[in-house]
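A quick write-up on the structure given underneath.
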Amino acid sequence: MTAAAFLSVVLIHLAAAMSPGPSFVVCVKTAASEGFKVASALAVGLGLGATIWAIAALAGLALLFEIAPVLLTVLKVGGGLFLCFIALMMWRHAAEPLAEVEADAPPRSMASAIRLGLMTQLANPKPAIFFGAVFIGLVPSGTPLPTLIALLALIFINETLWYIFVARAFSITQARAAYMRLKASIDRLFGGLIAFFGLKIALT
């Protein structure tokens, strides 16, 4: 695996992690209703969930390459088109308001917050399909184990640090109000990035 491909996976994942979705909404809700500390623990759970999906995608792809390597091109095209579908949905729903938060949410322990983040991420199968699409296009079979471990570590760091940032930002009332004003433009920007990456994967 080349350094350029490694960096591409990291940057594509960072763009995807930053794209508002179910995990983003849960993090915003937690930060606004329960504060930064609890939302930071939630971010760790989201990072763990993303890493688990990435490991599952790598394991499944390795087996698939052995059993039916002819499906590689089909999966690359299908995965790329799926990313484009996600981008389209982001564009279509960009103008929709963010889910309302509850100001009187009950206190939550750190362990409970991590568990909520983990379950939120694992309940959404889209990360598995996303990682499958990206890994098919950019992670060759036979990639050394240390490289894969480094890649998984950076996926965890990307996901966790992004949601810690979200937790910090949306535990402040003014920041949430600013996002609400710019939500449509921000969502469409990220949707455009995901569409670009999806087309790149499908056509290469």
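Need one number: nm distance between label points at Leu161 and Phe36, each 7 Å from Cα along Cα→Cβ, rounded to one decimal.
1.8 nm
Under the 0.36 nm per residue contour assumption, what length would be gained going from the current alpha-carbon distance of Ala175 and Ile149 to full extension?
On the way: separation 26, 0.36 × 26 = 9.36 nm, distance 3.51 nm.
Taking Ala175 through Ile149 to full extension adds about 5.9 nm, to one decimal.
For the ranges 81-94, 155-168, what's the packing order if you count other beta-carbon atoms within 10 Å of each residue, average per peptide, and put the highest first? Could the numbers behind the result be given before it?
On the way: 81-94: 17.5, 155-168: 21.0.
Order by mean packing, descending: 155-168, 81-94.
Choose one answer from Ser19, Ser171, Ser109: the residue with the largest mean-square fluctuation in a GNM of the chain with alpha-carbon springs under 10 Å.
Ser109
Determine, from the Cβ-Cβ distance of Ile55 and Ala4 and an R0 of 25 Å, the FRET efficiency 1/(1 + (r/R0)^6), rounded to the nearest 0.05. Don't skip to the answer; put the middle values down first.
Values: r = 23 Å, r/R0 = 0.93.
With R0 = 25 Å, the Cβ-Cβ based efficiency is 0.60.
Counting only pairs 8 or more places apart or on different chains, how many lysine pairs in the chain have C-alpha atoms closer than 27 Å?
Within the chain, the lysine pair count is 9.
For segment 113-204, what % of the accessible area comes from carbon and sulfur atoms, probe 1.4 Å? Don't skip to the end; give the middle numbers.
Values: 3460 of 4640 Å².
It is 75 percent, rounded to a whole number.
Need one word for the chain: rounded, prolate or oblate. Basis is the Cα gyration tensor (sqrt eigenvalues a ≥ b ≥ c); a/c below 1.5 gives rounded, then a/b vs b/c decides.
Values: a/c = 2.34, a/b = 1.58, b/c = 1.48.
Note, shape of the chain comes out prolate.
Averaged per residue, what accessible area in Å² does the chain show with a 1.4 Å probe, protein chains only? Can you show the working numbers first?
Numbers: 10220 Å² over 204 residues.
Per residue, the chain has 50 Å² of solvent-accessible surface.
Using only Cα atoms and rounding to the nearest 10 degrees, what angle (0 to 90) does helix 22-34 make with the longest principal axis of the chain?
For helix 22-34, the angle is close to 20 degrees.
Strictly greater than 22 Å: what percent of every Cα pair in segment 110-204 meets that? Each step should come with its number before you reach the end.
Values: 2167 of 4465 pairs.
For segment 110-204, the share of Cα pairs beyond 22 Å comes to 49 percent.
The values are calculated or read from the model by the stated rules, or taken from the named source; none is laboratory data. These figures come from a predicted structure and were not determined experimentally. Cβ coordinates were reconstructed from backbone atoms using ideal geometry, including for glycine residues, and neighbour counts include every protein chain displayed. Accessible surface areas use protein heavy atoms only, side chains included; no ligands, DNA or RNA. Shrake-Rupley method; radii C 1.70, N 1.55, O 1.52, S 1.80 Å.
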